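What follows is a short report on a single structure.
The values are calculated or read from the model by the stated rules, or taken from the named source; none is laboratory data. Small disclaimer: the values here were computed from a predicted structure and weren't measured. For neighbour counting, all protein chains shown are included, and Cβ atoms are generated from backbone atoms with ideal geometry for every residue, glycine included. Note: areas computed on protein heavy atoms with side chains; ligands, DNA, RNA excluded. Shrake-Rupley method; radii C 1.70, N 1.55, O 1.52, S 1.80 Å.
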Amino acid sequence: MPSSPLVLFPDPLQRVQEVQGLTQQAAVHLLAAQGPNVVGTPGRGGLWRTVKEIGTEPMFLLLLVACTVYFSLNQVTEGLTLVVAPVLVAGISVYQSLCSDHTLRALCDLTQPRVQVWRSGALVRRPAEDLVVGDVVLVKEGERVSADGQVLRSNNFSVDESLLTGASIAVTKNCGEQVAGTTASTGQVVLQVTATGQHTELGRIGQSLKARQPEKTPLQRQINQFVIRMAWIGAGAFVVIWGVNFARSENWVTALLFGLTLAMSILPEEVPVAFSSFMAPGAARLNRMGVLTKQPQTVESLGSATILCADKTGAVVYGSHFRPRSGGHMTTPLLYDTPASPPPIAARHARPRRWQRAALWSLASLSGLLILGWLGFKVNPSSFLTISGEAVAPKTIPLPSGLPVPVERFYRLTYGDRIPVITSAVITGRATIRPLPGGPTLPARFRFTHEAGRNYRHYIEATWFGLPILKVNESYLEGVSRIELPGQKSEGNPQTAQAANLGLWAETTSMPAVFLTDPRVRWQAVDDTTALLIVPFQQTHETFVVRFNPATGRPTLLESMRFKGEADTRKTLWSNGLLQWASFGGVMLPSVGTAMWQDDGRPWATFTTESIDLNTDVTQTVRAKGL
């Protein structure tokens, strides 16, 4: 009698012919009631969450506050300049975030799993997210179990549960047993869905992970600490600068602008964005290699890894030994199988030593001080207050005849046919000076007091954050020069007297009528754009070469030979540039001028005149001494 073949694992399709499954209408109703079979994961949250994350950054909020202050003070240019940068940076960040989310959604749609499910007695393929409780599905070897279910029929069926339990060996499942959302290792099975979406085992795990706040990466924590520290430094500097400037000028608006400008220059609002942007090239390289990074921080974590340990399942682990805390909880697993195993040299030096950390802090502090010092020299001081005193209306004389062509053209353009007789002038403004050749440029404020063509006194203060750090009191009285510096005085040097006399007449360009009303001064023609200005000095005279702009008719450059130092025996070419002109009392006079030695190649001082007071009593002021 022939024997029938022994079938230990019959095909489940041959034994479930009676399976009808749910009807399509019932499945649609259940799907509407239960929701899609999707395990929710914490995502970026779209456009609103991205904008919220950027808008709540402390640096961004501080920039908006600063913009508001600028606009409220009617500083429209500064406000617009400050608001454009954060808006542009925020726009770039939002754009990158939306592009990443769009790519991930497209990838999810492309790789969405599909399952075989019985609907109204027919086996059809449907998206996994359409599964509902009560569906009967067929899962074959290598396919994913897209929901939790109970085994109805199985054929040599086993699943890989390493995702749930960490076990590296496949587990066999028989009829009546539960199967969670895992992957079929061998065989095939027919199971009835008992839970979908958030109610599955994987869904509950996802819910517990969603409640956990994502940790910041080490680089993010370091950046945040650096930004917070610099923010405190900026706030302290703002308070100090605002208080000092308000105490000196009693102008709270100007003091507020000084302090705010300094705080904005110190605060590193670009640092977080810059570091985030540095991750983009790494993400682009991974993308070209076929790896899509969901978050830029992944690039940082991957780049920081030095050793990766994996067991035979492919799961990335540290090792088998764990170090318990005092409370019994497990902490970071050890990297080595036995405590006696010595770490490699790279691991021993992974954490900076104490002296290295101290050196880094010292270097960071020194860098901060240097930056603070540099910023201090970028803050312009407030101007000296204008002098009090009644100005005397000047007399006028007719424009002399016989002047060189460019000279006559200039005076007619400036004064017309009548030249005022000026006896004194107080010139006040701000400047930038270089006390040492090739040295740094310092902000300064000045007041030049003149008895026209006779005497002068220079008082200059170089400042740091608007505070005086160097004071200079220089005078030229009755042909004798005197210079007072902190801890140093010089008086009566002949080279200094010659230099001071030339300085006296060069500054007289702020009251050019003196060149015509002083009988000791005369003009000599050269050509249509150049003339010689001959001025007195003791028993002799000195000469300036004056060059005029043919388009405007105003002088642009005065050149003369001048002693540079007290011990010099040879003179050096000294140039005075008249760069800009402005109206003072209805008369166009020089407002920006420079002084330069020919051998330096660049100006050692640039003076910006802000006020000129003429014909006031300066008898006492011009002879004042002390700093």
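Summary table below
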{"read-out": "Within the range 379-416, tally of residues that are open to solvent by 100 Å² or more (accessible area, probe 1.4 Å) and farther than 26 Å from Pro555 by Cα", "value": "3"}
{"read-out": "Condition met for Val480 (surrounded by fewer than 17 Cβ atoms within 10 Å (Cβ to Cβ) and at negative phi)", "value": "yes"}
{"read-out": "Given (1) open to solvent by 30 Å² or more (accessible area, probe 1.4 Å); (2) small (Gly, Ala, Ser); (3) at pLDDT 90 or above, number of the condition Ser560 does not satisfy", "value": "(1)"}
{"read-out": "Close pairs from the range 364-379: first under 13 Å from Trp464 (Cα atoms), partner part of a loop (DSSP other than H, G, I, E, B) and open to solvent by 60 Å² or more (accessible area, probe 1.4 Å), Cβ under 7 Å, at least 6 apart", "value": "Phe377/Pro440"}
{"read-out": "Extreme residue, nearest to Val392 (Cα to Cα), among residues of the range 409-427 that are without any contact (Cβ under 8 Å) to a residue 40 or more places away in the chain and out of contact with any Pro (no Cβ under 8 Å at 6 or more places or on another chain)", "value": "Gly416"}
{"read-out": "Positions within the range 155-169 being buried (at least 18 other Cβ atoms within 10 Å of the Cβ) and either part of a loop (DSSP other than H, G, I, E, B) or in contact with a Cys (Cβ under 6 Å, 6 or more places away or on another chain) (or both), in sequence order", "value": "Glu161"}
{"read-out": "Of all residues making up the range 131-151, the number that are at negative phi and either in a strand (DSSP E or B) or surrounded by fewer than 19 Cβ atoms within 10 Å (Cβ to Cβ) (or both)", "value": "12"}
{"read-out": "Flag if Trp464 is over 42 Å from the mean Cα position of the chain (by Cα) and of a type outside the set (S, T, N, Q)", "value": "no"}
{"read-out": "Filter result for the condition that a residue is within 49 Å of the chain's Cα centre (by Cα), closer than 25 Å to Leu31 by Cβ and modelled with pLDDT under 85, over Gly121, Gly203", "value": "Gly203"}
{"read-out": "Matching option when the condition is under 30 Å from Val239 (Cβ atoms) and open to solvent by 80 Å² or more (accessible area, probe 1.4 Å), among Ile433, Ile469, Ile460", "value": "Ile469"}
{"read-out": "Thr50, sole failed condition from (1) modelled with pLDDT of 70 or more; (2) touching a helix residue (DSSP H, G or I) at 6+ places or on another chain (Cβ under 7 Å)", "value": "(1)"}
